[in-house]
1. Kindly list the number of the only condition in (1) out of contact with any His (no Cβ under 9 Å at 6 or more places or on another chain); (2) part of a loop (DSSP other than H, G, I, E, B) that fails for residue 223.
2. Let me spell it out: the conditions are (1) touching a residue at least 40 places away in the same chain (Cβ under 8 Å); (2) surrounded by fewer than 22 Cβ atoms within 10 Å (Cβ to Cβ), and residue 183 meets all of them except one. Which number is the exception?
3. What is the residue count in the range 210-227 for residues that are surrounded by fewer than 17 Cβ atoms within 10 Å (Cβ to Cβ), touching a residue at least 40 places away in the same chain (Cβ under 8 Å) and either within 15 Å of residue 99 (Cβ to Cβ) or of a type in the set (S, T, N, Q) (or both)?
4. Can you tell me which residue among 78, 92 is within 15 Å of residue 53 (Cα to Cα) and assigned to a strand (DSSP E or B)?
5. Take the residues in the range 31-54 that are in contact (Cβ under 8 Å) with a residue 60 or more places away in the chain and surrounded by fewer than 18 Cβ atoms within 10 Å (Cβ to Cβ), then tell me which one is farthest from residue 174 (Cα to Cα).
6. Return the pairs, sorted by first residue and then second, in which the second residue is of a type in the set (S, T, N, Q) and part of a strand (DSSP E or B), the first residue lies in the range 7-27 and is under 22 Å from residue 65 (Cβ atoms) and in contact (Cβ under 8 Å) with a residue 40 or more places away in the chain, the beta carbons are less than 7 Å apart, and the residues are 6+ apart or on different chains.
Amino acid sequence: MPHASADDGVRLYYEETGSGTPVIFVHEYAGDYRSWEAQMRHFGQRYRAITTNARGYPPSDVPEAVSAYSQHRAADDIGAVLDHLGIAKAHIVGLSMGGFATLHFGFRHPAKAFSLVVAGCGYGAEPGQRERFRAEAGTIADFIQANGMQVFAAKYALGPTRVQFENKDPRGFDEFRRMLAEHSALGARNTQLGVQRERPSLYEMIEPMQALTVPTLVLTGDEDWPCLAPGILMKQTIPAAALSVMPNCGHAINLEDPDQFNRIVGEFLAQVDAGRWPTRDPRAVTASITGMR
């Protein structure tokens, strides 16, 4: 099994297919490398497509200490996989937890990114929801420890931004829920405590976002309620960002509507590859509503 090594020695599993410009897919909390199969098959036809498992998700290593998990490590682990593969620069595509990691990769390693796709990103970011989200992360960790992954998956998979997936594609949803139940309980618990609960709010990252010049696509479902306002924040704050919203979609947009997801992301990557992705014109940012003040 192919593995890359992080700077602390944790081994990170990856798979790849295709050739050309590299694009790496970074999964959400409830997913893993298998969640990107529709993207690997699609983008592998024209890119060097890579998918990887975060630490805590077998066949990647599962460190026992919560201190081995953090937002910075999640971002740097992307770089570790790229370095192992001899890739100097890639398109980075992440969903949810992977979207946060992608954004922070852009903060920490902008020279290694052709572009960033920050999808389904915003859970717990709004100031009024910050402490509630942190408390729920602790509740999730305790629930996993007490009940195991089978019981947790049955409950977590039916969250308010995932029922859209169940209604739209029951067969795909059942596969998603089954794969979630196969995750490591220790890894899932530690990821909640070390990454999800402790990551900084997007509203505390205004200056890094303002300084980010990497072409960025912010992508969300219109029923992914915790991501809507943060998505607008990222659009307003990142100078090279666009915002795309997928209609009648919840959180797991790459699984729920893979054709639309692939089309939107593919068009974005093509514009970046062609050198046609714009940076916002300063004249578009004004205190005036009409420009006639």
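1. (1)
2. Status for residue 183: all satisfied but (2).
3. Residues flagged as surrounded by fewer than 17 Cβ atoms within 10 Å (Cβ to Cβ), touching a residue at least 40 places away in the same chain (Cβ under 8 Å) and either within 15 Å of residue 99 (Cβ to Cβ) or of a type in the set (S, T, N, Q) (or both) within the range 210-227 amount to 1.
4. On inspection, the qualifying residue turns out to be 92.
5. Filtering first and then ranking leaves 38.
6. Note: pairs meeting the criteria are 11/5; 12/52; 13/52.
For every residue, the table says whether it meets (1) out of contact with any His (no Cβ under 8 Å at 6 or more places or on another chain); (2) over 30 Å from residue 145 (Cβ atoms); (3) of a type in the set (Asp, Glu); (4) outside any helix (DSSP H, G or I).
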{"residue": "189", "(1), (2), (3), (4)": "yes, no, no, no"}
{"residue": "195", "(1), (2), (3), (4)": "yes, no, no, no"}
{"residue": "198", "(1), (2), (3), (4)": "yes, no, yes, yes"}
{"residue": "209", "(1), (2), (3), (4)": "yes, yes, no, no"}
{"residue": "229", "(1), (2), (3), (4)": "yes, yes, no, no"}
{"residue": "234", "(1), (2), (3), (4)": "yes, yes, no, no"}
{"residue": "248", "(1), (2), (3), (4)": "yes, yes, no, yes"}
{"residue": "272", "(1), (2), (3), (4)": "no, yes, no, no"}
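Values quoted throughout were computed directly from the atomic coordinates according to the rules given, and no laboratory measurement underlies them. Remember, it's a predicted structure, so these values are computed and weren't measured experimentally. Neighbour counts run over all protein chains shown; Cβ positions are idealised from the backbone, glycine included.
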